[in-house]
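Participant: A single structure is presented below for examination.
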Amino acid sequence: MKNFRWGILGTGKIAHHFARDFSFTKSGELRAVASRNKDTADAFATEFDIELALQDYYSLINSDEVDVIYIAVPHVHHYELTKACILAGKAVLCEKPFAMNEYQAQELYALAQKHKVFVMEAMWTRFNPVVEQVIDWVADEEIGQLNSIQASLCFVAPSDPEHRVNNLTLGGGALLDVGIYPVFLAQLFWGKPDFVQNQAILSETDVDVHNQILLGWDNGALASLESSIMSHSPNRAVLSGSKGYIEIDTDWHKAKSCRLISKDNNERAVAFDFPGMGYQFEVDEVNRCLEEELIQSPNYTWQHSLELVQTLDEIRQDMGVRYEQDPEIHDEDIEEHHHEHHHHKH
């Protein structure tokens, strides 16, 4: 197998998790890291035994030393950096959300298509062995017909208004940070919903801090989803079917165990003993795709990613959360989308 050389843009918490799990990948080499702060880049490189530490994102993007780049910077910078990588001919694994809205995502995927460059949204949960197991159980109709999904992902974020999750200019809010996971889980099985309803609490900084989302499909399926940056919750996922249900344990988006409970209460539990948090599986997928000269993963396609951001846009538009990257919309468009939903300031 070819040994693809990886670079990381950003040195925050998620970049640390990713670099730590990189040592568990089947192949690939962590060659470079870039941060806007040289000391931070140096410290990161030392910690993970990385050869190159660069102070400027674009030096890494244009470096001949890397083949594929993992983008782990605040949401608002995903678009410009992914675009730069594609134009430099570098394969990209971009942290979620892939872009701030559908317009940015459409443009990036069109550009990747034009330049024949591999690009994938880093929806690492899709490649988690537990999620793979659940996909198999559902496909084999182990719980009969899948009718509903309940999933939450909540945590209490720092209260500092300048923190990225509270900062509108950095793409803050619960939905893009953690709500994206429950929406992803529902769409994994049913695709883009036919209707969307939600209730949200907005903060003093105009970001959503708590959402309860109801998604529905014309086939009768329903998903009841919750995300928050102001509350704790069990962070479990339950998939209910006509012959039983599946529980994915806490925290379900990075779980190592799940169980299938039949209608007569027989339980089948499965646990996976993988090292780290599970970021290695998306790296393995990218390396496999590059080896096969694909420009998108068949397991998490551009279409999956686009449909996810389309739903997030619809939820946001309804909540009244707008980012400066969003295209201009006219008042009558908002009115048309704004059903009787009441949003409260917290």
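Participant: Could you tell me which residue of region 1-43 is surrounded by the fewest Cβ atoms within 10 Å (Cβ to Cβ), considering only residues that are assigned to a loop (DSSP other than H, G, I, E, B) and small (Gly, Ala, Ser)? Write out each step before concluding.
Facilitator: We begin by selecting, within region 1-43, every residue assigned to a loop (DSSP other than H, G, I, E, B); these are 1-4, 10-12, 23-28, 35-37.
Adding the requirement that they be small (Gly, Ala, Ser) leaves 10, 12, 23, 27-28, 35.
Working: Gly10: 25, Gly12: 16, Ser23: 12, Ser27: 14, Gly28: 21, Ser35: 25.
That would be Ser23.
Participant: Here are Val165, Val178, Val130: which of them is under 30 Å from Glu247 (Cα atoms) and either out of contact with any helix residue (DSSP H, G or I) (no Cβ under 9 Å at 6 or more places or on another chain) or open to solvent by 10 Å² or more (accessible area, probe 1.4 Å) (or both)?
Facilitator: Only one candidate qualifies: Val178.
Participant: Taking Glu282, is it under 25 Å from Ile71 (Cα atoms), surrounded by 18 or more Cβ atoms within 10 Å (Cβ to Cβ) and within 18 Å of the chain's Cα centre (by Cα)? Spell out the reasoning first.
Facilitator: Working: under 25 Å from Ile71 (Cα atoms): yes; surrounded by 18 or more Cβ atoms within 10 Å (Cβ to Cβ): yes; within 18 Å of the chain's Cα centre (by Cα): yes.
In short, yes.
Participant: Still on this structure, I have one more. Which one of Cys258, Cys289 is over 15 Å from Glu132 (Cα atoms) and buried (at least 16 other Cβ atoms within 10 Å of the Cβ)? Steps first, please.
Facilitator: Details: Cys258 fails: over 15 Å from Glu132 (Cα atoms).
None of the others qualify; the one that does is Cys289.
Participant: Is there any pair linking a residue in region 39-65 that is more than 15 Å from Ala15 (Cβ to Cβ) and touching a residue at least 12 places away in the same chain (Cβ under 8 Å) to one that is of a type in the set (D, E, K, R) and surrounded by 17 or more Cβ atoms within 10 Å (Cβ to Cβ), with Cβ under 6 Å and at least six apart or on different chains, and which?
Facilitator: Correct list of pairs: Glu51/Arg31; Glu65/Arg31.
Participant: While we're here: Would region 62-78 turn up any residue that is within 23 Å of the chain's Cα centre (by Cα), among the acidic types (Asp, Glu), open to solvent by 10 Å² or more (accessible area, probe 1.4 Å) and within 27 Å of Lys2 (Cα to Cα)? Spell out the reasoning first.
Facilitator: Quick first cut of region 62-78, residues within 23 Å of the chain's Cα centre (by Cα) only: 67-78.
Narrowing the set further to residues that are among the acidic types (Asp, Glu) leaves 67.
Filter once more, so that each one left must be open to solvent by 10 Å² or more (accessible area, probe 1.4 Å): 67.
Subsequent filtering for residues that are within 27 Å of Lys2 (Cα to Cα) retains 67.
Yes: one or more hits.
Participant: Keeping to region 113-144, report how many residues are farther than 24 Å from Leu290 by Cα and acidic (Asp, Glu).
Facilitator: Count: 4.
Condition check ((1) of a type in the set (S, T, N, Q); (2) open to solvent by 10 Å² or more (accessible area, probe 1.4 Å)) across all residues:
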{"residue": "Gln113", "(1), (2)": "yes, yes"}
{"residue": "Lys116", "(1), (2)": "no, yes"}
{"residue": "Val119", "(1), (2)": "no, no"}
{"residue": "Ala139", "(1), (2)": "no, yes"}
{"residue": "Ser152", "(1), (2)": "yes, yes"}
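Participant: Continuing with this model, one more query. Residues Ala200, Ala223, Ala186: which one is in a strand (DSSP E or B) and under 22 Å from His304 (Cβ atoms)?
Facilitator: Values: Ala200 fails: under 22 Å from His304 (Cβ atoms); Ala186 fails: in a strand (DSSP E or B).
Of the residues listed, the single one that is in a strand (DSSP E or B) and under 22 Å from His304 (Cβ atoms) is Ala223.
Participant: Go through region 285-304 and give me each residue that's touching a residue at least 40 places away in the same chain (Cβ under 8 Å) and either β-branched (Val, Ile, Thr) or touching a Gly at 6+ places or on another chain (Cβ under 8 Å) (or both).
Facilitator: Our first condition is that a residue be touching a residue at least 40 places away in the same chain (Cβ under 8 Å); within region 285-304, this holds for 285-287, 289-291, 294-297, 299-300, 302, 304.
Selection gives Val286, Asn287, Ile295.
The values are calculated or read from the model by the stated rules, or taken from the named source; none is laboratory data. The structure displayed is predicted, hence computed values, not measured ones. With ideal geometry, Cβ positions are generated from the backbone for all residues, glycine too; neighbour counts draw on all protein chains shown. Please note that ligands, DNA and RNA were not included when accessible areas were found on the heavy atoms of the full protein model with its side chains. Shrake-Rupley method; radii C 1.70, N 1.55, O 1.52, S 1.80 Å.
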